[in-house]
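Asker: Would you mind keeping the following structure in view while I ask a few things?
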């Protein structure tokens with residue numbers, strides 16, 4: 001690390017939060033703070049199939065772009081708002097896809113939280 005932080009670190013943090021909300025587990029974990037820090041530095045982002053089986057491919061794509069280790073390769077908050085997963089998500093598309101009602105509600109809440117966080121980031125710009 002040892003670099004100056006900019007707004008893209010907030011995008012990374014939001015990505016970690018969304019990953020955790022979608023999966024119930026953090027993207028990087030270890031038995032100690034030092035281990036977690038080392039795992040974060042390696043940035044080996046995984047999507048275990050047993051956990052991410054019902055998560056949309058577009059959602060995983062957005063997470064990869066938000067949790068990109070290299071800030072120059074990471075998307076901006078503005079780009080995240082324009083990502084296909086955010087733009088294509090609607091109540092009717094979830095209901096038609098056959099997901100159970102409670103999963104639909106959880107996903108809608110997550111999307112609303114993402115949008116609010118990203119708007120807050122953009123307003124700070």
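Asker: Starting from residues that are surrounded by 13 or more Cβ atoms within 10 Å (Cβ to Cβ) and part of a loop (DSSP other than H, G, I, E, B), keep the ones in region 84-105 and report whichever is modelled with the lowest pLDDT.
Answerer: This residue is 99.
Asker: Going by what's in this entry, would residue 108 be described as part of a helix (DSSP H, G or I), within 18 Å of residue 18 (Cα to Cα), at pLDDT below 80 and touching a helix residue (DSSP H, G or I) at 6+ places or on another chain (Cβ under 9 Å)? Talk me through it step by step, then tell me what you get.
Answerer: Working: part of a helix (DSSP H, G or I): yes; within 18 Å of residue 18 (Cα to Cα): yes; at pLDDT below 80: yes; touching a helix residue (DSSP H, G or I) at 6+ places or on another chain (Cβ under 9 Å): yes.
Here the answer is yes, as residue 108 does meet what is asked.
Asker: A further question follows. Quick check on residue 3: is it part of a loop (DSSP other than H, G, I, E, B), modelled with pLDDT of 90 or more and more than 20 Å from residue 80 (Cβ to Cβ)?
Answerer: Values: part of a loop (DSSP other than H, G, I, E, B): yes; modelled with pLDDT of 90 or more: no; more than 20 Å from residue 80 (Cβ to Cβ): yes.
Judged against the criteria, residue 3 is not a match.
Asker: Is there any pair with a first residue in region 24-47 that is at positive phi and a second that is surrounded by 13 or more Cβ atoms within 10 Å (Cβ to Cβ) and not in a helix (DSSP H, G or I) whose Cβ atoms are under 7 Å apart and which are 6 or more apart or on different chains, and what are they?
Answerer: Listed pairs, sorted by first residue: 43/69.
Asker: Quick one: which of 63, 81 is surrounded by 13 or more Cβ atoms within 10 Å (Cβ to Cβ) and modelled with pLDDT under 90? Please lay out each step first, then the result.
Answerer: Working: 63 fails: modelled with pLDDT under 90.
Just a single option satisfies the conditions, and that option is 81.
The values are calculated or read from the model by the stated rules, or taken from the named source; none is laboratory data. It should be emphasised that the depicted structure is a prediction, and the values quoted were computed from it without experimental measurement. All Cβ positions, even for glycine, are placed from backbone atoms using ideal geometry, and neighbour counts span all protein chains on display.
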